[in-house]
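A.B. asks: Take this structure first; my questions come after.
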């Protein structure tokens, strides 16, 4: 019993770290599930709890931006109220960029997960992602904020996010690289990546949440899910905070090398 609780804490910590660092959370979870071989009545329920933990970390870290965006939406419906056009523009960028992953995830997400959820696929996509990071750092001269990138570039980043449905690609990794390729500053690409991940994580979580019969889950597993949720939330919050600081003065190359090293485990 204790060892299962320890495993849930470990997986929550790994989720909190790898969801936001460009090293692929799904890839690490695939490998760890293979190694730990936890026999749960619902692996899907456990994964949902981990993702909701990282979603809460995002909501709290970006609470100022989220409140501004909500205020801008509300102001649309208040007569004679001046609407903050800059905030509305940011909202539309996130909305348009979210559409590709939302459509593909809803239609093909389960099939993609079942077909590609293998260690060999993870190894290949980790290496490909590492190569893209090296190329982005070498050839992309990035100096713009995400707020002015325009809808077409936002959709382009959103299309890149679709690839993250394949384990090992890394949502943050591929969207940061895509952002840098359209001349966003490294840290601005990461911020947009994190804001963009919120509707996707929420949508996928809700979609899967209602596929689970929570009443039939054993109390022991519910405790495990709670531990995973809490650990992924706490760790995820601090990873967001310090990763963004790191990107101000450091490249993605160290994460690219890590991805390559992880494949030789």
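A.B. asks: Can you find, within segment 89-111, the residue that is farthest from residue 165 (Cα to Cα) among those that are in contact with a helix residue (DSSP H, G or I) (Cβ under 8 Å, 6 or more places away or on another chain) and surrounded by fewer than 14 Cβ atoms within 10 Å (Cβ to Cβ)?
C.D. replies: 92
A.B. asks: Okay, moving on. Taking segment 67-76 only, how many residues are surrounded by fewer than 12 Cβ atoms within 10 Å (Cβ to Cβ) and closer than 21 Å to residue 145 by Cα?
C.D. replies: Final tally of qualifying residues: 1.
A.B. asks: If we scan segment 125-148, do we find a residue that is part of a loop (DSSP other than H, G, I, E, B), modelled with pLDDT of 90 or more, within 14 Å of residue 26 (Cα to Cα) and touching a helix residue (DSSP H, G or I) at 6+ places or on another chain (Cβ under 7 Å)?
C.D. replies: Looking for residues that are part of a loop (DSSP other than H, G, I, E, B), modelled with pLDDT of 90 or more, within 14 Å of residue 26 (Cα to Cα) and touching a helix residue (DSSP H, G or I) at 6+ places or on another chain (Cβ under 7 Å), one finds none in segment 125-148, hence no.
A.B. asks: Please give the number of the condition residue 79 fails out of (1) at pLDDT below 80; (2) surrounded by fewer than 20 Cβ atoms within 10 Å (Cβ to Cβ); (3) assigned to a helix (DSSP H, G or I).
C.D. replies: (3)
A.B. asks: Counting just the residues of segment 213-227 that are crowded, with 17+ Cβ neighbours inside 10 Å and over 15 Å from residue 51 (Cα atoms), which one comes out nearest to the chain's Cα centre (by Cα)?
C.D. replies: 221
A.B. asks: Just one of (1) within 16 Å of residue 65 (Cβ to Cβ); (2) surrounded by 24 or more Cβ atoms within 10 Å (Cβ to Cβ) trips up residue 180, so point out which.
C.D. replies: Only one criterion is unmet by residue 180, namely (1).
A.B. asks: If you scan segment 149-158, which residues turn out to be touching a strand residue (DSSP E or B) at 6+ places or on another chain (Cβ under 9 Å) and part of a helix (DSSP H, G or I)?
C.D. replies: Result: 153, 157.
A.B. asks: Restricting to segment 112-124, what's the tally of residues that are surrounded by fewer than 17 Cβ atoms within 10 Å (Cβ to Cβ) and not in a helix (DSSP H, G or I)?
C.D. replies: Number satisfying all stated conditions: 1.
A.B. asks: What pairs can you find where one residue is in segment 49-72 and on the phi > 0 side of the Ramachandran plot and at pLDDT below 95, the other is loosely packed, with under 14 Cβ neighbours inside 10 Å and in a helix (DSSP H, G or I), and their Cβ atoms are less than 8 Å apart, with a gap of 6+ or different chains?
C.D. replies: Within 8 Å, no pair qualifies.
The values are calculated or read from the model by the stated rules, or taken from the named source; none is laboratory data. Computed from a predicted model, the values in this text were never measured in an experiment. All Cβ positions, glycine included, derive from the backbone under ideal geometry; neighbour counts span all protein chains shown.
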